[in-house]
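The block underneath contains the structure these notes are about, expressed in structure tokens.
The values are calculated or read from the model by the stated rules, or taken from the named source; none is laboratory data. Remember, predicted model here, so these are calculated numbers, not experimental data. Here the Cβ positions follow ideal geometry from the backbone for every residue, glycine too, while neighbour counts run over all protein chains shown.
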Amino acid sequence: MNAPILAPGDEAIDRAVEILRAGGLVALPTETVYGLACDATNPKAVARVFEAKGRPRFNPLIAHIAPGDMGVREGRFDETATALSAAFWPGPLTLVLSVTNTAEVCDLARAGLKTIAMRMPDHPVALDVIGRFGRPLAAPSANRSGRISPTRAEHVAGELGDAVDLIIDGGPCRAGLESTVVDCTGDRPALLRPGPVSVDEIERVAGRLAPAEDDPAAPKSPGRLLRHYAPDARLRLNASAPEPGEAYLGFGPGGGDLNLSPGGDLAEAAANLFAMLRALDADYDNIAVATIPEHGLGAAINDRLARAADRS
Ligand code: TXA
Ligand code: MG
């Protein structure tokens with residue numbers, strides 16, 4: 001059976017809260033990508049999320065919180081974490097913190113770690129559901145493990161429609177890339193995943209980030225180990241033009257079968273990236289992608305493209 005899809009509104013929120021209380025799964029829009037949400041304090045519900053995604057259980061989930069005391073109940077906010085949350089929440093920044101002894105998020109959601117990844121999404125639907133539900137929601141991106149993250153409700157319906165109890169259709173996601181993840185448990189904050197909040201923006205608030213010492217064989221963010229964001233098509237990056245048989249995903253002037261941003265705007269490109277990769281993947285076996293500049297949001301876009309192109 002395919003999950004009902006509801007537009008945002010009282011009926012959708014009521015229904016979502018009911019399903020979450022009963023240990024069910026709700027696909028929700030956030031400003032980054034759609035999340036596959038469940039009660040983060042209910043291990044059975046969390047197990048269903050891992051099951052639905054086909055996600056390895058060593059890969060922990062982000063706890064999504066609403067304003068109030070939910071955050072401090074779950075994680076220890078030192079000076080840096082306090083400053084970062086004040087500057088960027090609600091918003092596309094996930095903080096990894098030490099877990100408190102008042103925490104209610106279950107072990108399975110944290111994959112047994114003594115740390116918790118947390119963020120307050122900047123989306124009225126997500127905030128409403130979390131606020132009304134009154135507990136943190138564990139919500140990975142609402143795609144099957146290793147596939148491209150969904151930025152529209154129809155992506156979720158196509159991939160997980162038979163595994164969720166409800167999809168709330170909030171339209172296309174504004175940012176289009178998963179949140180930036182910063183580890184605040186060390187002496188200095190460290191970047192675990194580039195995303196919509198850039199390194200420059202973080203360093204303006206929290207000082208210099210620790211140098212990237214992440215060992216690719218044993219990354220601190222377990223999800224970084226996996227081949228990710230993978231279309232079926234082969235990707236060729238930094239292509240100035242397509243070869244015969246290739247679709248061309250352009251950026252800036254110069255066209256393309258699809259163009260991430262004809263005007264060369266990185267925020268627009270980020271918002272379009274996953275939907276355009278999905279669209280070209282449906283019709284082509286080979287996709288050439290234009291060069292994306294590495295500054296600002298470009299770093300996060302290039303990170304996702306490198307993972308999508310990786311065949312190892
Ligand atoms: O924008 C987002 O972050 C979206 C929306 C739905 O909020 N969620 C998302 O979740 O991208 P997911 O599960 O696809 O990615 C979470 C990342 C993974 O790389 C995971 O390994 C990492 O966060 N993570 C979670 N808990 C962690 C922890 N305690 N320590 C280090 N990394 C952690
Ligand atoms: Mg994901």
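Considering region 73-121, and only residues there that are within 19 Å of Val199 (Cα to Cα) and over 21 Å from the mean Cα position of the chain (by Cα), the residue that is nearest to ligand 1 (Cβ to nearest atom) turns out to be Thr80.
For region 184-214, residues that are under 25 Å from Leu273 (Cα atoms) and outside any loop (DSSP other than H, G, I, E, B) total 7. Residues that are in a loop (DSSP other than H, G, I, E, B) and surrounded by fewer than 23 Cβ atoms within 10 Å (Cβ to Cβ) do not occur anywhere in region 297-306.
Which ones in region 271-296 are in a helix (DSSP H, G or I) and acidic (Asp, Glu)?
Hits for region 271-296 are Asp281, Asp283.
Of the residues making up region 66-76, those that are under 19 Å from Ser221 (Cβ atoms) and either of a type in the set (S, T, N, Q) or crowded, with 19+ Cβ neighbours inside 10 Å (or both) are Glu74, Gly75. Within region 84-98, the set of residues being crowded, with 16+ Cβ neighbours inside 10 Å and assigned to a helix (DSSP H, G or I) comprises Leu84, Ser85, Phe88. Checked against the criterion of being buried (at least 18 other Cβ atoms within 10 Å of the Cβ), touching a residue at least 24 places away in the same chain (Cβ under 8 Å) and among the polar types (S, T, N, Q), region 267-282 contains one or more residues that satisfy it. Please tell me if Glu79 is of a type in the set (Asp, Glu), under 30 Å from Arg204 (Cα atoms) and away from ligand 2 (no atom under 16 Å from the Cβ). When the stated conditions are applied, Glu79 passes them.
When Asn59 is tested against (1) modelled with pLDDT of 95 or more; (2) surrounded by fewer than 22 Cβ atoms within 10 Å (Cβ to Cβ); (3) within 13 Å of ligand 1 (Cβ to nearest atom); (4) under 27 Å from Arg174 (Cα atoms), only condition (1) is not met.
Against the test of being more than 13 Å from ligand 1 (Cβ to nearest atom) and not in a loop (DSSP other than H, G, I, E, B), the options Ile167, Ile130 yield a single qualifying residue, Ile167. Screening Glu159 against (1) assigned to a loop (DSSP other than H, G, I, E, B); (2) within 16 Å of ligand 2 (Cβ to nearest atom); (3) touching a Lys or Arg at 6+ places or on another chain (Cβ under 6 Å) leaves a single unmet condition, (1). Tell me whether region 104-111 contains one or more residues that are in a strand (DSSP E or B), in contact (Cβ under 8 Å) with a residue 12 or more places away in the chain, touching a strand residue (DSSP E or B) at 6+ places or on another chain (Cβ under 9 Å) and more than 16 Å from ligand 2 (Cβ to nearest atom). No, there is no match, as no residue in region 104-111 is in a strand (DSSP E or B), in contact (Cβ under 8 Å) with a residue 12 or more places away in the chain, touching a strand residue (DSSP E or B) at 6+ places or on another chain (Cβ under 9 Å) and more than 16 Å from ligand 2 (Cβ to nearest atom).
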